[in-house]
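Here is the structure we will look at, set down as structure tokens.
Every number in this text was worked out from the coordinates using simple rules, so none of it is lab data. Note that this is a predicted model, so its numbers are computed, not measured. Heads up, the Cβs are rebuilt from the backbone with ideal geometry, glycines too, and the neighbour counts pull from every protein chain shown.
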Amino acid sequence: MEERAGARRRPPMAVPPLLLFLLLLSSFSSCAAAASGATVGEDYVRPPAAARRCGLHHRKALLSLFPWSKKKDSSSASDPQQVHISLAGEKHMRVTFVTDDNSVPSVVDYGTEAGTYTSTSQGESTSYSYLMYSSGKIHHIVIGPLNDNTVYYYRCGGHGPEFQFKTPPSQFPLSLAVVGDLGQTSWTTSTLNHIKQCEHDMLLLPGDLSYADYMQHLWDSFGTLVEPLASTRPWMVTEGNHEKERIPFFKSGFQSYNARWKMPYEESESTSNLYYSFEVAGVHAIMLGSYTDYDESSDQYAWLKADLAKVDRKRTPWLIVLLHAPWYNSNWAHQGEGDSMMAAMEPLLYAAHVDMVIAGHVHAYERAERVYKGGLDPCGAVHITIGDGGNREGLAHRYRNPKPAWSVFREASFGHGELKIVNATHAHWTWHRNDDEEPVRTDDVWITSLAGSGCIQDGSHEYRKILMSP
């Protein structure tokens with residue numbers, strides 16, 4: 001049954017009492033573990049004040065799970081909500097927003113001066129129903145061509161408030177904020193505030209965005225939460241397990257995620273929004289899907305192979321990959337969950353001389369040396385796990401001992417990363433612990449691109465053999 005034009009969304013369905021009880025129990029169990037005095041990571045122990053506030057943080061987070069806890073209505077049903085931007089091919093940006101009014105056109109007006117819009121682009125819209133929930137009208141509009149490193153002012157739907165964003169630079173230096181497993185807790189808010197303080201050109205998120213977990217109104221509250229940042233810099237994301245939301249025989253997976261967070265998969269010749277690639281400045285970035293087929297007979301494997309074969313390391317000397325389930329993980333949490341994907345795809349990444357692989361999923365931080373097939377290898381990728389954005393499930397405190405030779409730094413704290421790519425050969429990676437209200441730089445390392453090493457020359461034959469084969 002079609003909704004009439006201008007109709008407001010129906011209220012979200014009631015959450016079953018048993019489900020609420022289980023969520024409460026899970027949350028407070030995590031809180032109790034955090035407050036028990038167990039060492040966080042290997043050396044760091046969070047101050048007692050944070051533990052005392054743990055219950056308060058979790059209670060605040062849980063308020064949003066109740067159906068009677070709704071976000072404040074916008075001043076008008078036609079006003080844009082949940083605005084975020086993402087790259088959409090060379091010199092183009094995709095603007096996404098939601099309206100309650102179905103009659104609002106999918107248009108974006110934009111220009112380089114506040115209040116003066118010299119260009120207009122039209123796009124597409126979609127919506128979806130999930131059990132008793134009906135989404136608003138979700139708009140996707142690609143704008144451009146745009147100038148590099150330039151501030152643009154824009155409005156969505158032909159009226160409403162003005163937003164602004166800055167396009168990334170076309171050459172180094174390039175600054176990337178990195179965060180995973182974000183969620184919607186007080187820790188999330190603190191992490192986002194810390195990211196806001198750092199100068200960055202783009203944000204990368206390797207899965208687990210809203211932690212809606214079937215409760216669709218939490219996708220709306222997440223869009224509102226991240227709008228202040230996601231409307232000003234492009235957010236490039238890939239899916240995690242919490243984006244699945246599959247109900248056997250009723251709902252296929254990733255319906256909400258695909259409708260709300262459209263990434264440039266078509267622009268990168270992928271057939272799925274669950275994996276794609278993009279280029280920015282001198283970086284070729286590949287976003288892989290841990291929760292879609294990835295074996296050698298899969299579409300994703302064929303696409304990855306073709307995408308890697310097209311990479312020009314003279315034009316993009318840095319090659320990085322993001323996915324959700326980590327391949328190198330010395331935490332007891334989610335042990336082995338990335339092994340089958342690693343067995344299928346690691347040889348491709350090694351043949352292409354990928355510089356870094358960034359993952360989430362494990363709610364802790366870990367950085368590995370360059371590694372391949374489980375051992376140290378100077379031509380392998382640096383692996384980083386950063387699933388510690390602030391999710392409601394708490395931290396993964398237990399690490400395996402003895403520590404593997406490839407594991408350099410590991411700590412169970414919330415936080416975010418910053419990757420500053422200085423030039424074609426050197427990048428500076430830092431991880432910032434979310435220590436109460438202060439971002440504390442805790443891990444700090446310089447990384448050298450494999451494009452400037454002897455690995456590419458030494459492995460050129462293997463590269464051609466693996467990536468160019470049928």
*How big is the antiparallel share of DSSP beta bridges in the stretch 169-468, given as a percent to the nearest 5?*
70
_Residue-by-residue Karplus 3J(HN,Hα) for the stretch 342-347, coefficients 6.51, -1.76, 1.60, Hz, glycine and proline x_ = 4, 4, 7, 10, 4, x
_Two-decimal ratio, the stretch 178-335, of alpha-carbon radius of gyration to 2.2 N^0.38 Å_ = 1.07
*Convex hull (Cα only) mean projected area of the stretch 76-167, reported in nm² to one decimal*: 5.9
_Placed amide H near SER134: partners under 5 Å, 5+ positions off or other chain_ = ARG10
*List the aspartates and glutamates whose alpha-carbon lies under 18 Å from that of LYS305, not counting same-chain residues fewer than 8 positions away?*
GLU266, GLU267, GLU269, GLU279, ASP293, ASP295, GLU296, GLU346, ASP355, GLU462
*If the chain between ASN149 and GLN164 were fully stretched, how many nm would it gain, using 0.36 nm times the residue separation less the Cα-Cα distance?*
4.1 nm
_Restricting to DSSP loop positions (anything but H, G, I, E, B) with no more than 16 other Cβ atoms inside 10 Å of their own Cβ, which GluC sites (Glu not before Pro) remain in the stretch 71-128?_
GLU90
*So what is the orientation-averaged projected area of the stretch 326-384, using the convex hull of its C-alpha atoms, in nm²?*
3.5
*Per-selection metrics, the stretch 275-333 (Cα): Rg and Dmax in Å*: 13.0, 40
*For q = 0.08, 0.11, 0.16 Å⁻¹, what log10 I(q)/I(0) does the stretch 169-468 give under the Debye formula with an equal point scatterer on each alpha carbon and no solvent?*
-0.31, -0.60, -1.40
*Of the listed pairs LYS314/LYS465; LYS137/LYS420; LYS310/LYS373; LYS251/LYS403; LYS166/LYS314; LYS137/LYS166, which have alpha-carbon separations greater than 30 Å here?*
LYS137/LYS420; LYS251/LYS403
*the stretch 76-167, relative contact order in percent, only Cα pairs under 8 angstrom and at least six apart counted*: 32
